[in-house]
Amino acid sequence: MLKLTDISAGYGAFQALWGINLEVKTGEAVAVVGPNGAGKTTLLRVISGQIAPISGQIIFEERNLKDLAPHQFVEEGIAHCPENRRLFPKLTVEENLKMGAFIPSARNDYANRLIWVYQLFPQMLERRHQLAGTLSGGEQQMVAIGRALMSKPKLLLLDEPSAGLAPVIVMHVFDLVRRIREEGFTVLIVEQNIQQVLELVDRAYLLEVGTVKLDGTAEELKNNEFLRQAYMGL
Amino acid sequence: MALFDFFLLEAIINGILFGGVLALLALGLNLVFGVVDVIWIAYAELVMSGMYIIYTLHITWGWPLLLAAPMAIVGVGLMGLVVHRLIIAPILDTPPINQLLATGGLLFFLQNFATLIFGADFRNIGLSLPILQIFELYISFSRLLSFGAAVLGMIGLYLFLSRTYIGTAIRAVAQDREIMSLMGVNTKKVYLITSALAGAMAGLAAILLVLQQDVHPFIGFSFGPITFMICVMGGLGNLIGGFFAAFIISQIISIGSFYGSTELSYVIAFVLFIIVMFIRPQGIFKRNT
Amino acid sequence: MKRYLLIAAAVSILALLPLFLVPVYYLHLLILVLIWSFIGTSWSLMGKFGIVSLGHGAFLGIGVYATTVLWNFQGLTPWIGIPIGIALALLLALLIGYPAFRFRVVGHYFALITLALGEVVRLSIIAARNITGGSLGMTPDRVQPPTDVSWYALQFSDKRYFYVIALLCWLGALLIWRWVNRSMTRPALEAISEDEVAAASMGIHVTSHKLRITLLSAGMTALGGILLGLYNQYLNPSSLSGISISLEIVFLSIVGGMYSMLGPTIGAIITIVFRESLRTYFGVSLAGMSESIYGLLLIVSIIFMPRGIYGAVETWLKREPPPSTSAGADPDPDPSS
Ligand SMILES: Nc1ncnc2c1ncn2[C@@H]1O[C@H](COP(=O)(O)OP(=O)(O)O)[C@@H](O)[C@H]1O
Ligand SMILES: [Mg+2]
């Protein structure tokens, strides 16, 4: 479904990614893990078109996304749930979801999708008219994921959905991601909670200072000595 | 002397009516500031252009007023679009002060272009509406009409911003412009639409003003500065705050003119603005983020 | 050394010029150019550090009105009136500048506060119509008994006196510019204009640096206004204070280029020569034409030449990389600094 070949990217003169190769197959859940500042967020930004790569290719569903403007990536079927959730604090929950359904195809099916998202996250239904800025962190994360789902993406990008949440809530969020998988979505998730995320995904990549240091199936990585020592404290 | 000072009451009522127009004026400016993050220094001159559009269509070309007036909304709306596309968009990523100054150049251009075409004379659309008398109160019907239209305009804008996709997107951009492309929203397009909308608000304000005032090329100076003050006092980009600030300022001006002179009441309003800026730079009605 | 000889030569040529320039009209234009260059240079002292005032009309107006009112009603010679006028402008600058800088009112907000200040002064002048003549303006009384040359009242029927006075003031402004450029204030103000919080954390006293340059600029602007009033022998609130004239000061500086010492001067030359020639070309029948074209020129120059015409030429001459968009970086570093 998604294939990155030799992607390099950065901010101005600063280069954050160096020749990344990465693949996500249809129906898969893939994790990108790594320390702070490794370039995980940058990688997701490249995939969702926020940053144009310096070099390399992004092929999505057999199409090269090179010439698309940032806002056109959603219509191609890539939804990006950004780091720190980034809800619109002064819009209501429902208005936030509405923004997730901005593209024409989603707009035409808005009512159905709203019902569907409320079924996935029943708590959101009670809070639909509340301002998003007044929700708790966990609730905000749900709305952020719901907002990304409103476009019924082929590929869902999640950037550290568990960051800043209490352990109980973290479990809950991982549970949600599992359910989204079961709904048949292809997911690329960035996480710092390496142990937990490896329980969830099929394969994973370890990113260090802008390069892929390791990759393999979740099982392989769980048993990798280097990863266990350096990142899981085992 | 009556038990009750009718003249003062009249001043207060006029202040409220004037406040409606000011609130509408502030609304358009605030919209552009909140969404595009730019101050149109030439905003009042867009209103002036709208007044001349009505004048030209109605007086020179003989269109009926009910047809000529809406054209101001369309015409100035288009101007708003052009201003954004030609002047703001090319320099949107440069220091903010450049945008302020470029629209300052536009102010200068519009004033003098109007002088070139219409001369510096005062012109009016020759409409004389009756004065209403309620007990001993005399209220100008045109002011009442303006107030009503301003309120309708504001309700219309409110509905647009709260009910439509693009209206919601406009509010969303003001809160977090960076992630709009993740929603599949083209921010540039939102900016254009917002600018057109702000232009249309200026066009509506032009209708209200042309009902009660003569138009001349420099009329913008009489209400432009006060409009900026209102926006800032209400908290730039804060539509509700601007609305209330408009009524505060209009009361100061109206009651001040009643007791002293018009100039002094404006001086008080400006000084109040400066002081407010020192103690609450985010405006009286702070954005509740 | 050669540099100074060149400057000295240029100055003497300028000073001698009026002796050869017989037509009074050209002398008139020259005087206007010098006074407006002076005012533009004063404004740019702040503007080039990102402190954009849209209310310099306030300083322009308060100085000249104070001087003239004192002369007309108290018979006080401008020699005393001028310092009083400047002092009032400084006081006003202090009243507005200190809290503004103290409370970190910057950017748009500072621009709008100063814009309000300009309006306050303009409206106050109009409101005091008993002594200022309101919006109709006022004329300084002729010195009694009338003479052609009165140093006491600073009234001269021969324009050449004014020419020399304006020339000296303008040269003074350039020297001040140079002095600021070479002083320790400049790097401090540049740091402040880049990032005020960072500058403060580096131990730079933000408020005092900004205040000093503002006081300097306001005082000079007041003197500029007084020069205008004395030269024209006519004062009008909207042409000496308020938003309209404040914007014109800004425009003139920007068209020329506020980051360079001679930028505002070039701006004044362009503005005045351009407008005068368009005015004579189009005649009075097309009132507004010259200003409309000027307005378009302004917009275009801000979009395409944010450093102004002189700044653009200078950049081009130095073949520097394209100008950075950040305000405050000066392409005119003095060799000594
Ligand atoms: N907007 C930005 N501008 C400049 N550098 C950035 C920006 N965002 C991130 N970086 C830098 O890029 C590198 C990678 O950052 P990021 O992708 O956010 O890492 P991660 O998500 O893995 O923590 C870091 O060194 C960071 O400082
Ligand atoms: Mg990150």
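With a length cut of 18 Å (Cα positions projected on each helix's long axis) and a Kyte-Doolittle mean of at least -1.0, go through chain C and give me the DSSP H helices that pass.
Once both thresholds are applied, what remains is C:2-20, C:24-47, C:56-74, C:78-102, C:107-127, C:159-182, C:206-232, C:243-256, C:263-282, C:289-304.
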**Request:** For segment A:1-56 and segment A:88-161, compute the distance between their C-alpha centroids and round to whole Å.
**Result:** 25 Å
**Cubic angstrom per residue, convex hull over Cα atoms of segment B:135-289** = 148 Å³
**Item:** Positive dipole terminus of segment C:271-319, leading residue within C:290, C:272, C:315 (C-beta point charges)
**Value:** C:315
**Fill in**
One quarter of the C-alpha convex hull surface, i.e. the mean projected area of segment B:127-221 in nm², amounts to 8.8 nm²
**Item:** Accessible area of residue C:276 in the full protein assembly, 1.4 Å probe (Å², nearest 10)
**Value:** 40 Å²
**Prompt:** Could you list, bin by bin from short to long, the percent of Cα-Cα pairs of segment B:1-47 in 10 Å steps?
**Reply:** 23, 33, 21, 14, 8, 1
**Asked** Taking Cα atoms, how many degrees apart are the long axis of helix B:43-55 and the longest axis of chain B, rounded to 10 and kept between 0 and 90?
**Response** 60 degrees
**Message:** Per residue, how much accessible surface does segment C:2-241 expose to a 1.4 Å probe? Answer in Å², no decimals.
**Reply:** 42 Å²
**Complete:** Shape descriptors of segment C:138-222 over alpha-carbon atoms, Rg and Dmax in angstrom, are 19.9, 62
**Message:** At 1.4 Å probe size, what's the solvent-accessible area of residue C:207? Round to the nearest 10 Å².
**Reply:** 20 Å²
**Complete:** As a Kirkwood estimate from alpha-carbon pairs, chain B has a hydrodynamic radius in angstrom of 19.5 Å
**Asked** How much accessible area does residue B:279 have with a 1.4 Å probe, in Å² rounded to the nearest 10?
**Response** 120 Å²
**Message:** To check you understand DSSP bridge types, tell me what percent of the beta bridges within the protein assembly as shown (both residues inside) are antiparallel, rounded to 5.
**Reply:** 60 percent
**Prompt:** Quick one: if you stick a label point 7 Å off each Cα along the C-beta vector at residue B:155 and residue C:202, how many nm between them?
**Reply:** 5.7 nm
**Prompt:** What are the principal axis extents of the Cα atoms in chain A, in Å, biggest first?
**Reply:** 47, 43, 32
**Complete:** In terms of the charge dipole of the protein assembly as shown, which places +1 on Lys and Arg and -1 on Asp and Glu at the beta carbon, the residue among A:65, C:131, B:200 farthest towards the positive end is C:131
**Request:** Provide Rg over Rh for segment B:204-245; use the alpha carbon set for both Rg and the Kirkwood Rh (inverse mean inverse pair distance).
**Result:** 1.06
**Item:** Accessible surface ranking that places the most exposed of B:228, B:118 first, with a 1.4 angstrom probe
**Value:** B:118, B:228
**Asked** GNM on chain A, C-alpha springs below 10 Å: top fluctuator among A:88, A:14, A:73?
**Response** A:14
**Item:** Calculated log₁₀ intensity ratio I(q)/I(0) where the Debye formula runs over C-alpha points of segment C:173-221, q = 0.14, 0.18, 0.30 Å⁻¹
**Value:** -0.34, -0.55, -1.13
**Asked** Over the Cα atoms of segment C:52-105, what Rg and Dmax result, in angstrom?
**Response** 13.1, 42
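Dividing the Cα radius of gyration by the Kirkwood radius, what Rg/Rh value follows for segment A:130-174?
That ratio equals 0.98.
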**Message:** Per q in 0.18, 0.25, 0.27 Å⁻¹, report the Debye log10 I(q)/I(0) for segment A:1-62, using one uniform scatterer on each alpha carbon and no solvent.
**Reply:** -0.61, -1.14, -1.28
**Complete:** segment C:1-60 and segment C:78-133 have their Cα centres apart by a whole-number Å value of 24 Å
**Asked** Where the centroid of each part is defined by its Cα atoms, how far is segment B:135-180 from segment B:1-76 in Å?
**Response** 13 Å
**Message:** How high is the relative contact order of segment B:145-270? Use alpha-carbon pairs under 8 Å, at least six apart in sequence, and give a whole percent.
**Reply:** 16 percent
**chain C: calculated mean residue ellipticity at 222 nm from DSSP helix runs of at least 4, using -39500 (n - 2.57)** = -24000 deg cm²/dmol
**Message:** Can you compute the charge dipole magnitude of segment C:2-241 about its Cα centre, using +1 on each Lys and Arg Cβ and -1 on each Asp and Glu Cβ, nothing else charged? Give it in debye, rounded to the nearest 20.
**Reply:** 360 debye
**Prompt:** Just from its helices, what would the mean residue ellipticity at 222 nm be for chain A, if runs of 4 or more DSSP H residues each count -39500 (n - 2.57) and the sum is divided by every residue, rounded to the nearest 500 deg cm²/dmol?
**Reply:** -10000 deg cm²/dmol
**Message:** If I model a spin label as a point 7 Å beyond the Cα along the Cα-Cβ vector, how far apart are those points for residue B:10 and residue A:84 in nm?
**Reply:** 5.7 nm
**Request:** Between residue A:69 and residue C:160, with labels modelled 7 Å along Cα→Cβ, what's the label distance in nm to one decimal, could you check?
**Result:** 6.6 nm
**Prompt:** How would C:210, C:2, C:159, B:189 rank on accessible area, largest to smallest, probe 1.4 Å?
**Reply:** C:2, B:189, C:159, C:210
**Complete:** Ordered by number, the residues of segment B:165-179 with at least 50 Å² less accessible area in the assembly than alone (1.4 Å probe) are B:165, B:168, B:175, B:179
**Asked** What Rg and what Dmax come out for the protein assembly as shown when only alpha-carbon atoms are used, in angstroms?
**Response** 31.4, 107
**Asked** What ranking, highest mean first, results for peptides C:227-237, C:117-127, C:51-61, A:148-158 when packing means the other Cβ atoms within 10 Å averaged over each residue?
**Response** C:51-61, C:117-127, A:148-158, C:227-237
**q = 0.10, 0.12, 0.15 Å⁻¹, segment C:2-241: log10 I(q)/I(0) [Debye, one scatterer per Cα]** = -0.52, -0.73, -1.05
**Request:** Give me the angle, in degrees from 0 to 90, between the Cα long axis of helix B:239-259 and the longest principal axis of the Cα atoms of chain B, rounded to the nearest 10.
**Result:** 30 degrees
**Fill in**
For segment C:2-241, the percent of accessible surface on carbon and sulfur atoms (probe 1.4 angstrom, ligands and nucleic acids excluded) is 70 percent
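The values are calculated or read from the model by the stated rules, or taken from the named source; none is laboratory data. This structure is a prediction, so every number in the text was calculated from the model and none was measured. Counting neighbours? That spans all protein chains shown, and the Cβs are built from the backbone with ideal geometry, glycine included. Side chains included, ligands, DNA and RNA excluded: accessible areas come from the protein's heavy atoms. Shrake-Rupley method; radii C 1.70, N 1.55, O 1.52, S 1.80 Å.
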